[in-house]
Amino acid sequence: MRLTFPRPLYEQVVAYVLSDLAYEMCGLLAGQDGIVDRVWPVPNALHSPVAYRMDGPEFITAMAACGFEPLGIFHSHPSGPPVPSPTDIAEAAYPDSLYVVISWQDMSPSVRAFRIIDGRVSEVKIDILV
Ligand SMILES: [Zn+2]
């Protein structure tokens, strides 16, 4: 299992989450067979630098666009490492989705993807199509 981004969509995700480093930024990735074909930013309802939650009409619209089975769920860690936090793991409710974490901890983007099932985390390789 891999997660494959066309480069423009990868750059869209990175640019979006870096557009505001005061909060965790989040959204959904639509696609099939591990290949991202659309990025859906969703507001972080918590407005927090250390947590995120997606709800409200923007989330429903994004979920509907993904057929309620998002390929990926992304969020940023403005000052944390590029791995799921204990809260991320505890709250991971979509075992069929990949969790993408974009970290700015080292002042350059670090992007990693994970599957989270019943509290168990396994990393998934990211490929970027040029
Ligand atoms: Zn997190």
Quick check on this structure: which one of V101, V39 is touching a residue at least 24 places away in the same chain (Cβ under 8 Å) and touching a Lys or Arg at 6+ places or on another chain (Cβ under 6 Å)? V101
Hey, P95 of a type outside the set (F, W, Y), under 19 Å from A30 (Cβ atoms) and surrounded by fewer than 13 Cβ atoms within 10 Å (Cβ to Cβ) or not: yes
Mind checking whether some residue in region 45-59 is within 16 Å of the ligand (Cβ to nearest atom), out of contact with any strand residue (DSSP E or B) (no Cβ under 7 Å at 6 or more places or on another chain) and polar (S, T, N, Q)? yes
Considering only region 109-130, state which residues are farther than 15 Å from H75 by Cα, aliphatic (A, V, I, L, M) and free of Cβ contacts under 8 Å to residues at least 40 places away in the same chain. I117, V121
Which pairs have Cβ atoms under 8 Å, sit 6 or more apart or on different chains, and link a residue in region 74-90 that is under 17 Å from P109 (Cα atoms) to one that is hydrophobic (A, V, I, L, M, F, W, C) and within 7 Å of the ligand (Cβ to nearest atom)? F74/V101; H75/V101; S76/V101; H77/V101; P82/V101; V83/V101; P84/V101
Name the residues in region 60-93 that are within 14 Å of the ligand (Cβ to nearest atom) and of a type in the set (F, W, Y), would you? F74
How many residues does region 1-11 contain that are more than 12 Å from the chain's Cα centre (by Cα) and surrounded by 15 or more Cβ atoms within 10 Å (Cβ to Cβ)? 4
For region 43-53, state whether one or more residues are among the basic types (K, R) and over 16 Å from E24 (Cα atoms). no
Of all the strands (runs of 3 or more DSSP E) wholly in region 75-130, which have at least 1 residues that are of a type in the set (G, A, S), modelled with pLDDT of 95 or more and within 12 Å of the chain's Cα centre (by Cα)? 98-103, 110-117
Is it fair to say D55 is closer than 19 Å to I126 by Cα and among the charged types (D, E, K, R)? no
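The values are calculated or read from the model by the stated rules, or taken from the named source; none is laboratory data. Bear in mind the structure is a predicted one, so any value in this text is a computation, not a measurement. Note that we place each Cβ from the backbone using ideal geometry, even for glycine, and neighbour counts take in every protein chain shown.
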